[in-house]
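Visitor: Quick one: the structure is below, questions incoming.
The values are calculated or read from the model by the stated rules, or taken from the named source; none is laboratory data. Here the structure is a predicted model, which means the values were calculated and not measured. Heads up, the Cβs are rebuilt from the backbone with ideal geometry, glycines too, and the neighbour counts pull from every protein chain shown.
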Amino acid sequence: MDIATFQAYGYFFFTAFMVAVLYGYIYHLYSAEKKGTRDYEKYGNIALHDDITDQPIEEISKTDEIKK
Amino acid sequence: MENRPLEYDYTVAKWFMLSTIVLGIVGMLVGVILAWEMAFPAVNTIAGSGLAEYTNFSRLRPLHTDAVIFGFTLSGIFSTWYYIGQRVLKVSMAESKFLMFLGKLHFALYLLVVVAVVGSLLLGITTSKEYAEFEWPIDIAVVVVWVTWGMGIFGLIGIRREKSLYISIWYYIATFLGIAMLYLFNNMEIPTYFASGGIGAWYHSVSMYSGTNDALVQWWYGHNAVAFGFTVPIVAMIYYFLPKESGQAVYSYKLSLLAFWGLMFVYLWAGGHHLLFSTVPDWMQTMGSVFSVVLILPSWGSAINMLLTMKGEWQQVAASPLIKFMVLASTFYMFSTLEGPIQAIKSVNALAHFTDWIVGHVHDGTLGWVGFMIMAALFHMAPRIFKREIYSKSLMGTQFWIQTLGVVLYFTSMWIAGITQGMMWRAHDEFGNLAYSFIDTVAVLHPYFTIRAVGGTLYLVGMFLFAYNMYKTMTSSRRVEESELQNASPMGA
């Protein structure tokens, strides 16, 4: 197999792989929300409730600080 | 020590706001002069033949492009970052002396680079690479400015209270990383004075790449400067300012994440469309075309998300000139991200390349999308920064319609001019002799060049109205209470 053919196969499979990753990401976003692991839509409120005195939508907790 | 409640500190945002307005006027004024020079060549020597060196088209052209890209747009990006960054991370710059110092240093260094760029371009000192004209000493200074900004970004993220990074922050980070990578690789150059042992000017350099490789790297950079300068950070702005001003959370946060990764992956491969029918390998040209067409999806993902954010709230478009600016901006974004892929199709490109249609495309994107969104962002920020209402709503409305007319005149005249040019260049008789000489096309295009200059002038007039409205907002508008600043911006009649 010459280098050009190898590149063409590589390019095709890489693109197919990236498409699979993208669809996998869509599946992940929706399934995580369905299972209740994470509610992505609540993050939209970060822009609306952005006064410095507002309660953060998801606060950096003490446990996060310790983990660091 | 006084015990004041914590507040966001907009000092640096305010400084960059001023540089956005000033450099916007400079860049657009030069653009308008250039447009009149194209229509009426005598304008090239308008200041007399002695000064023709400084007023001719070729000397001023890079000053226009660089002033609007690296002056107006970049200042707008920095200003909005220092505003949005604090708010969505829920942390004030006043909480860190170091970050405050970095922010101020960032602005000071940026101004020095602006002075160096304007001076060197006016003197004709250039690397001759489009949008990368700065010589190596300025390039090094640009890197320092950029790193200072980056330290500020990640420093602020490091001390945030909000755990999740709002989608706009993702886009600002992508802007920082994208431009850093592009700028470094495209500006790899050899200072000739030092490499040759003292020949020529000390500031002169040549590119480290040559021939086709140079062109490839240049357009990988050039196209992605559009991506990471004119698209990614402007999307960051609209994802914050439209929801905030309208009081509506972004329609689909999941779609915003998906569109982000789509844009990141696809945009970087599309630059090859600038080199169709050139010496670049054919497969690379095809790849540039294909990725350009695919690029419609993530671009429209963001734009549709913005328009759907207004779902059920369309009365706000009629009521608020500020919402008008943003909705028209996202509409122009959709429009130019459809037009671009069409131009990148090989058969269309065969007609469109090197014609004024390309210039029209750039300007419906930059004037309609980038310009409108940055001005809307500044309008939204001004009452919060200066604690005063926007001076005049009716002036905003007037500005909106004057500038919209200006953009429409600009791109429609360039469409007609571009397609006419393309058709005339390729026309031939039965023996294959070209039907027209170059000057034939110039004569035919003259009316359209004039219409373009009128369109550009209208946009500049709107820019002056904007500057006046902002000046009055800063200095003499009615003072407002914090409670008036929740969503829709307060505006005087």
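Visitor: Among A:Thr5, A:Thr37, A:Thr15, which is more than 7 Å from chain B (Cβ to nearest Cβ) and not in a helix (DSSP H, G or I)?
Guide: That would be A:Thr37, the only listed residue that is more than 7 Å from chain B (Cβ to nearest Cβ) and not in a helix (DSSP H, G or I).
Visitor: In the set B:Ser75, B:Ser168, B:Ser92, B:Ser128, which member is in contact with a Leu (Cβ under 8 Å, 6 or more places away or on another chain), of a type outside the set (A, V, I, L, M, F, W, C) and either within 14 Å of another protein chain (Cβ to nearest Cβ) or without any contact (Cβ under 8 Å) to a residue 40 or more places away in the chain (or both)?
Guide: After ruling out the rest, the residue left standing is B:Ser92.
Visitor: Still on this model: Sort out for me the helices (runs of 4 or more DSSP H) sitting completely within segment B:159-227 that have 3 or more residues that are within 30 Å of B:Glu95 (Cα to Cα) and at pLDDT 95 or above.
Guide: Those helices (runs of 4 or more DSSP H) span B:167-186.
Visitor: Can you spot a residue in segment B:46-69 that is more than 26 Å from B:Ala132 (Cα to Cα), among the β-branched types (Val, Ile, Thr) and at pLDDT below 95?
Guide: Yes; the residues of segment B:46-69 include at least one that is more than 26 Å from B:Ala132 (Cα to Cα), among the β-branched types (Val, Ile, Thr) and at pLDDT below 95.
Results for (1) under 24 Å from B:Val232 (Cβ atoms); (2) aliphatic (A, V, I, L, M); (3) part of a helix (DSSP H, G or I), shown as yes or no for each residue.
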| residue | (1), (2), (3) |
| --- | --- |
| B:Ala318 | no, yes, yes |
| B:Lys324 | yes, no, yes |
| B:Phe335 | yes, no, yes |
| B:Ile342 | yes, yes, yes |
| B:Ser347 | no, no, yes |
| B:Val359 | yes, yes, yes |
| B:Met375 | yes, yes, yes |
| B:Thr398 | no, no, yes |
| B:Gln403 | yes, no, yes |
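Visitor: Sticking with this one: Any residue at all in segment B:464-482 that is within 14 Å of chain A (Cβ to nearest Cβ) and at pLDDT below 95?
Guide: yes
Visitor: Let me ask something else. Suppose we filter segment B:22-54 for residues that are buried (at least 20 other Cβ atoms within 10 Å of the Cβ) and more than 21 Å from B:Ser413 (Cβ to Cβ); how many remain?
Guide: 2
Visitor: Then there is this: Restricting the first residue to segment B:7-20 and requiring it to be part of a helix (DSSP H, G or I), which pairs with a second residue that is among the β-branched types (Val, Ile, Thr) meet a Cβ separation below 6 Å and a spacing of at least six or different chains?
Guide: Listed pairs, sorted by first residue: B:Lys14/B:Ile385.
Visitor: With the requirement that a residue be of a type outside the set (D, E, K, R) and either out of contact with any helix residue (DSSP H, G or I) (no Cβ under 9 Å at 6 or more places or on another chain) or in contact (Cβ under 8 Å) with a residue 60 or more places away in the chain (or both), what does segment B:58-69 give you? Please lay out each step first, then the result.
Guide: Of segment B:58-69, the ones of a type outside the set (D, E, K, R) are B:58, B:60, B:62-65, B:67-69.
B:Ser58, B:Pro62, B:Thr65, B:Val68, B:Ile69, listed by residue number.
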